[in-house]
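The structure appears below as structure tokens.
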Amino acid sequence: MNQVVLTLLCALLFGVSLTHSAGHPAGGSQRCLCRGRLLKSVKPGYIHAVELFPPSASCSKTEIVLTLTGKGKGKGKEKKLKLCLHPYEKQGRRVLEGKGIQNKKQKNRGRKGKN
């Protein structure tokens, strides 16, 4: 009797641990680049580079990482900052659809008085 109860308890514990770690390699936590608060939008002039990370085995979310440029302290120094853009806000959806920030800049160059 005790052996049957112990076997069932072990099987139940094993099943619970399998369902808890499903989708995570080796049962570890997700390793997403974007943690915490995500930006809704950024001025396109500050954006130096855009990196798009689709869902993968290590992170189940779509991530958009922006490298922003700004003036650093000192003469001629430029600092770069990496921040995450929310993929479901307006600017994030434009990046995902391929109508990204760089394309928008190129469209404005042809207008009169906007050189």
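The values are calculated or read from the model by the stated rules, or taken from the named source; none is laboratory data. For clarity, every value in this text was computed on a predicted model and none was experimentally measured. Glycine also receives a Cβ, built like all others from the backbone with ideal geometry; neighbour counts cover every protein chain displayed. Quick note on the areas: whole protein, heavy atoms, side chains included, nothing else; ligands and nucleic acids left out. Shrake-Rupley method; radii C 1.70, N 1.55, O 1.52, S 1.80 Å.
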Quiz item: Identify, please: which residue in the range 45-68 is within 11 Å of CYS84 (Cα to Cα) and in contact with a helix residue (DSSP H, G or I) (Cβ under 9 Å, 6 or more places away or on another chain) and is, among those, most open to solvent (accessible area, probe 1.4 Å)?
Solution: LEU52
Quiz prompt | Residue that is most open to solvent (accessible area, probe 1.4 Å) [pool: residues in the range 5-37 that are at pLDDT below 60 and at positive phi] | solution = ALA26
